[in-house]
Amino acid sequence: MNELIGLAVVLLKAVLVLGAVLNLALFVIWVERKGSALIQNRIGANRAAIFGFDFAGLLNTLVADPVKALTKEDFVPPGSSRFLHALAPFLAVFPVIIAFAVVPFGPPLRVAGQEIRLQLADLNAGILFMFAFLSLAVYGTVLAGWVSQNKFSLLGGLRASAQMISYEITMGISIAGVLAAYQSLDLHHIVELQSGTVAGVLPRWGIFYTPFNWLAFILFFVAVMAETKRAPFDLPEAESEIVAGYFTEYSGIKFLLFWLGEFAEIVVASAMVTVLFFGGWQVPYVEVASSALGPLIGALVFGLKVAFFCVLQVVVRWSLPRFRYDQLLGLSWKLMLPLALLNLLATSAYIVWS
Amino acid sequence: MGDVRNDWQPRDVGDVSLSKTMVLNLGPSHPATHGTVRLVVEVDGERVERCDVDVGYLHRGFEKECEHSTYNQVIPYADRLNYVSPLINNVGWVLAVEHLFGIEVPPRTQYIRVMLSELSRITDHLTCLGAASMELGAFTVMLYLMQAREELYDLIEAVTGARITVSYMRVGGLREDLPEGFKEELLRRFEIIKKHLADADRLLTKNRIFQDRLSGVGVIAPDEAIAYGLTGPVLRASGVNYDVRKVFPYSGYENFEFDIPLGAKGDNLDRFIVRFNEIFQSMRIAEHAMRKLPGGPICVDDPRVIMPAKDEVYDSIEGMISQFKIVFAGIKPPPGSIYFPVEGGNGELGFYVVSDGTGQPYRVHVRPPCFLAMGIFGPLVEGYMIADIVPCFGLMNMIGGECDR
């Protein structure tokens, strides 16, 4: 009986997490379209409307776009494998959503004397799991570039692989110091550690956990933005240079899946930043975990923090011009990687001597 | 950069499966090749080994068409040469024909022509900078600049009734005078444009990513620029002080005070900044023209080119015949030929007109600045990366209508 209940709880959480990620991704698409319009003095998505109400463009992004994409011709370039062509967008979306499984989105829920962690998979090496699955997303991109039988796609795939591999290293090393400070890889435990305050003033969030974590945050945030392949790091799909990069030969729902993968990646990136550096579901100066409404407030706060970083990424994307291939790799290998190593060294020294 | 080449065929690379390079076809319909041009690029990874430019996709037979039109019928065609600065083409054409006639328009017309030329130059530069920044990923800046351009299009529409296909100039004058309150409107809108430009300046020219993308890329040495026949902002970015408005002043440009922004290195960043600064100089000229605008007629008093007043047409046989002859046979300049250059948005825009004394030109040739700029483009991008082709091309501001005619 207990096993059945346990299974039901896990299934419920799975549905909840999947729904949350996909809805947040759609929310980011909406923010992207309406927010960019706001930045650029435009109106933005407003064509789809029922009786004249467009619900601030939500109807467009949530209903009209997917329906349109589903009814489009599914074009497969001649000479390419139909199976691999369909596999690529799947590989771009699926690992990103899976990666969300280890994100703790609220303090533990206590029902009938049992503690339910608001986290789909309670892995003790959660952060490694996340990294592993985020790295898998590059295969979708590379495969799309390879299987499309198009020179622009090939260039896009090449750029994507070089970019994602370079930035993954920076990303990993930039948080090595942070993890050393937490002395844990369990994301749930990491969030629990971030309660209370530092010196009575600042919340004891990851960014203030050690004197060097702010540097780690900047490096990690930049690297994670490069992972999402959006401006200023949108070289794999730079539309003015290589048409649409690796998804040039994709249409309809397959194209939309790439898009969804990109936006899901934004959500996951924001969740990672929130969990590692901004206290996850912790509310500053208040202990939410102990109160009865804790899980609800915690989940809400976590959602707000994630939304904030999603919006921040959209704003960055619409403000900055694009890098060039060599500059992008130079930034990663010549500036960010040495800084990340330095940060690791400094944090380790701090941990040892304090 | 080697000799000037005239072959556009990609080099025979032999067995493609063994070659180290890949031939990439950018265009004719590629997001960056606005204006329809084909770039056949041989790339080694991301590096451009060789680039051949194939122009002519927008050839509409402008020059040939002129031979079957009267001199005033050419004016609408001239709009469509450089369609982002149509008024300058108008001015260039009518000035060439007026010089064939040997007539000079009244000072008020000269000032209005200068003012409208400068408005057109600003729209040209705004389009060029906007498109170039969009291609570098700064989509927001492009829209800010387009909003600034919209203010100017509103002004141009108030004067000419059209945003792009203006057909406003006439041989010997203008179609009509400026509308009421135009000066105040112009000054008000210039303030708005300056705000947009300040935004663009903060977002782009002071942005490190943007500077790194442009500086040191696509360098053209001054002697090279002269050898390839470059003119306009591209030439001035290389540090050569040549501007038709200063060297061969026309339409009273000698009465205006303005500076010629010059670049030092001749790279993309210099080209961007030269155009950016020219916008401010153009605004200065236009403001000056509006403040000092003389009164008087807008058309010359010459029955050879200007139609008689309507009451004369209706009340006198001479007036009616004069109107009939100008409409049907066209105005007839004395036999002879002339080359007349004006400073277009992209450089020296010259009209070579041969008249045989009839109502239609015997031969017309246009010297388009972009066509010559495309000559240097292939060698220019060699050795840079694919991503550099885009800003190099964007800041040349190749306009298909003008280049291919």
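The values are calculated or read from the model by the stated rules, or taken from the named source; none is laboratory data. Everything numeric in this text was worked out from a predicted model, so none of it was measured. Don't worry about glycine lacking a Cβ; one is built from the backbone with ideal geometry, like all the others, and counts go over all protein chains shown. Heads up: the accessible areas ignore ligands, DNA and RNA and are worked out on the full protein's heavy atoms, side chains in. Shrake-Rupley method; radii C 1.70, N 1.55, O 1.52, S 1.80 Å.
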B:I112 vs. criteria touching a helix residue (DSSP H, G or I) at 6+ places or on another chain (Cβ under 9 Å), in a loop (DSSP other than H, G, I, E, B), away from chain A (no Cβ under 14 Å) and closer than 28 Å to B:G295 by Cα: no
The range B:117-161, residues that are in contact with a helix residue (DSSP H, G or I) (Cβ under 9 Å, 6 or more places away or on another chain) and outside any helix (DSSP H, G or I): B:L136, B:G137, B:A138
Unique match (being among the small types (G, A, S), surrounded by 19 or more Cβ atoms within 10 Å (Cβ to Cβ) and either within 25 Å of A:V311 (Cβ to Cβ) or without any contact (Cβ under 8 Å) to a residue 60 or more places away in the chain (or both)) among A:A45, A:A37: A:A45
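Residue-wise test of (1) part of a loop (DSSP other than H, G, I, E, B); (2) surrounded by fewer than 16 Cβ atoms within 10 Å (Cβ to Cβ); (3) in contact with a strand residue (DSSP E or B) (Cβ under 9 Å, 6 or more places away or on another chain).
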| position | (1), (2), (3) |
| --- | --- |
| B:F276 | no, no, no |
| B:M283 | no, no, no |
| B:P308 | yes, no, no |
| B:I321 | no, yes, no |
| B:V327 | no, yes, no |
Boolean, A:Y139 is within 21 Å of the chain's Cα centre (by Cα), open to solvent by 30 Å² or more (accessible area, probe 1.4 Å) and at negative phi: yes
All positions within the range B:338-367 that are more than 18 Å from B:R236 (Cα to Cα), part of a loop (DSSP other than H, G, I, E, B) and touching a Gly at 6+ places or on another chain (Cβ under 7 Å): B:G359, B:Q360
Subset of the range A:24-46 [within 14 Å of chain B (Cβ to nearest Cβ), among the small types (G, A, S) and either under 18 Å from the mean Cα position of the chain (by Cα) or more than 20 Å from A:V267 (Cβ to Cβ) (or both)]: A:A37, A:G44
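Suppose we filter A:A307, A:A346, A:A292 for residues that are more than 14 Å from every other protein chain (Cβ to nearest Cβ) and not in a helix (DSSP H, G or I); which single one remains? Don't jump to the end; show me each part of the working.
Numbers: A:A307 fails: not in a helix (DSSP H, G or I); A:A346 fails: not in a helix (DSSP H, G or I).
The conditions single out A:A292.
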Checking A:Q194 against (1) open to solvent by 10 Å² or more (accessible area, probe 1.4 Å); (2) at pLDDT below 80, the condition it does not meet: (1)
Filter result for the condition that a residue is within 14 Å of another protein chain (Cβ to nearest Cβ), open to solvent by 10 Å² or more (accessible area, probe 1.4 Å), within 22 Å of A:A37 (Cα to Cα) and among the hydrophobic types (A, V, I, L, M, F, W, C), over A:L320, A:L260: A:L320
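Scan the range B:130-167 residue by residue and report those that are at negative phi, polar (S, T, N, Q) and either open to solvent by 10 Å² or more (accessible area, probe 1.4 Å) or more than 13 Å from every other protein chain (Cβ to nearest Cβ) (or both).
Residues satisfying the conditions are B:Q147, B:T160, B:T165.
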